[in-house]
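Please read the structure below before turning to the comments.
The values are calculated or read from the model by the stated rules, or taken from the named source; none is laboratory data. The structure displayed is predicted, hence computed values, not measured ones. Neighbour counts are summed over all protein chains in view; Cβ atoms, including those assigned to glycine, are modelled from backbone coordinates with ideal geometry.
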Amino acid sequence: MPTPPSISNPISSGTAGRPVAIVTGGSRGIGRGIVERLAADGWAVAINFHSRRDAADELAAQLASSGGDCLVVQGDIASSADRQRVVAETLTRFGRIDLLVNNAGITSPGRKDLLEATEESWDQVLGTNLKGPFFLAQAAAREMVRLVEAGTIDRGTIINVSSISGFAVSTNRGDYCIAKAAMQMMTWLFATRLADSRILVYEICPGVIASDMTAPVQEKYDKLIADGLSPIRRWGQPGDVAAAVSMLASGALPFSTGERIHVDGGFHIQRL
């Protein structure tokens, strides 16, 4: 029977040195909050960004000034070559990968009605929000398996950041909803395949979180939240999602895998 993963503090796991996380879309919004929290917890972090190098560099400099160890790595998660480069540059710099946080994502361009949706939008959204995370998880998992077998790391963790849009319909963002819904099955698949390799896989499902993505619809959600959209009547913050990542990354749930953690103020609760 396989030995269960260690639940020790991540700082003391594996060989000497800090545990290493890759956070996609890590320069802004939810991703930035996750990077900041992991760095505060003692992780070395590869901050992946697509287009905003200025934001990524500023974040890395901020963390370095307080003792953090960060790598800034550009990459479009929808691109196979870029995914491989993100993994390779992380290994070159740190020699290990203990955690992957699949956070990068885009909203549906133009938010078109279901009957006006385009194949171009479908390919773009599914490429970034589903295909990219799936194959990045595959690439990271292969390395984690190798590192666990070599004794370089005690365990691995993959966290997929989805959305309440995976079960709450928005008919003007069909491609986005479908991509996020599929992440639950993706999480279950990887959780099942990797359990014997001491790699745990989770899904974090955020609700309405204050970020660049939700800024254009702030007025709409201000009203919905005030009217009771969720039992906890406030906007979620990137730090709320980061707290869930921190908990899962710590190994605090060693007998759980494939689990969905809702960070949505209770939105998922069906109410009459």
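Please give the number of the condition PHE167 fails out of (1) touching a His at 6+ places or on another chain (Cβ under 9 Å); (2) under 27 Å from LEU253 (Cα atoms); (3) crowded, with 21+ Cβ neighbours inside 10 Å.
(3)
What single numbered condition from (1) aliphatic (A, V, I, L, M); (2) farther than 19 Å from ILE34 by Cα; (3) at pLDDT below 95; (4) in contact with a helix residue (DSSP H, G or I) (Cβ under 8 Å, 6 or more places away or on another chain) fails to hold for VAL217?
(4)
Considering only region 127-144, state which residues are more than 16 Å from the chain's Cα centre (by Cα) and surrounded by 17 or more Cβ atoms within 10 Å (Cβ to Cβ).
Keep residues of region 127-144 that are more than 16 Å from the chain's Cα centre (by Cα), which gives 142-144.
Matches in region 127-144: GLU143, MET144.
Can you tell me which residue within region 1-39, out of those that are of a type in the set (D, E, K, R) and at pLDDT 95 or above, is nearest to the chain's Cα centre (by Cα)?
Our first condition is that a residue be of a type in the set (D, E, K, R); within region 1-39, this holds for 18, 28, 32, 36-37.
If we keep only those that are at pLDDT 95 or above too, we end up with 32, 36-37.
Values: ARG32: 11, GLU36: 13, ARG37: 13 Å.
Ranking the candidates gives ARG32 first.
Can you tell me which residue in region 24-70 is surrounded by the most Cβ atoms within 10 Å (Cβ to Cβ), limited to those that are among the β-branched types (Val, Ile, Thr) and in contact with a Cys (Cβ under 7 Å, 6 or more places away or on another chain)? Can you show your working first?
Applying the first criterion (among the β-branched types (Val, Ile, Thr)) to region 24-70 yields 24, 30, 34-35, 45, 47.
Next, only the ones that are in contact with a Cys (Cβ under 7 Å, 6 or more places away or on another chain) stay: 45, 47.
Working: VAL45: 31, ILE47: 27.
Only one residue tops the list, namely VAL45.
Within region 149-161, identify whether any single residue is in a helix (DSSP H, G or I), hydrophobic (A, V, I, L, M, F, W, C) and more than 14 Å from the chain's Cα centre (by Cα), and answer yes or no. Don't jump to the end; show me each part of the working.
Of the residues in region 149-161, the ones in a helix (DSSP H, G or I) are 149-150.
From what is left, the residues that are hydrophobic (A, V, I, L, M, F, W, C) are 150.
Imposing the further condition that a residue be more than 14 Å from the chain's Cα centre (by Cα) reduces the set to 150.
The answer is yes, given that some residue of region 149-161 is in a helix (DSSP H, G or I), hydrophobic (A, V, I, L, M, F, W, C) and more than 14 Å from the chain's Cα centre (by Cα).
For region 219-272, give me each residue that is in a helix (DSSP H, G or I) and either of a type in the set (Phe, Trp, Tyr) or exposed (fewer than 12 other Cβ atoms within 10 Å of the Cβ) (or both). Walk me through it before giving the result.
Narrowing region 219-272 to residues in a helix (DSSP H, G or I): 219-226, 238-249.
Answer for region 219-272, where residues must be in a helix (DSSP H, G or I) and either of a type in the set (Phe, Trp, Tyr) or exposed (fewer than 12 other Cβ atoms within 10 Å of the Cβ) (or both): GLU219, LYS220, TYR221, LYS223, ALA226.
Give ARG193, ARG173, ARG198, ARG155 a once-over and let me know the one that is at pLDDT 95 or above and surrounded by fewer than 16 Cβ atoms within 10 Å (Cβ to Cβ).
Numbers: ARG173 fails: surrounded by fewer than 16 Cβ atoms within 10 Å (Cβ to Cβ); ARG198 fails: surrounded by fewer than 16 Cβ atoms within 10 Å (Cβ to Cβ); ARG155 fails: surrounded by fewer than 16 Cβ atoms within 10 Å (Cβ to Cβ).
Of the residues listed, the single one that is at pLDDT 95 or above and surrounded by fewer than 16 Cβ atoms within 10 Å (Cβ to Cβ) is ARG193.
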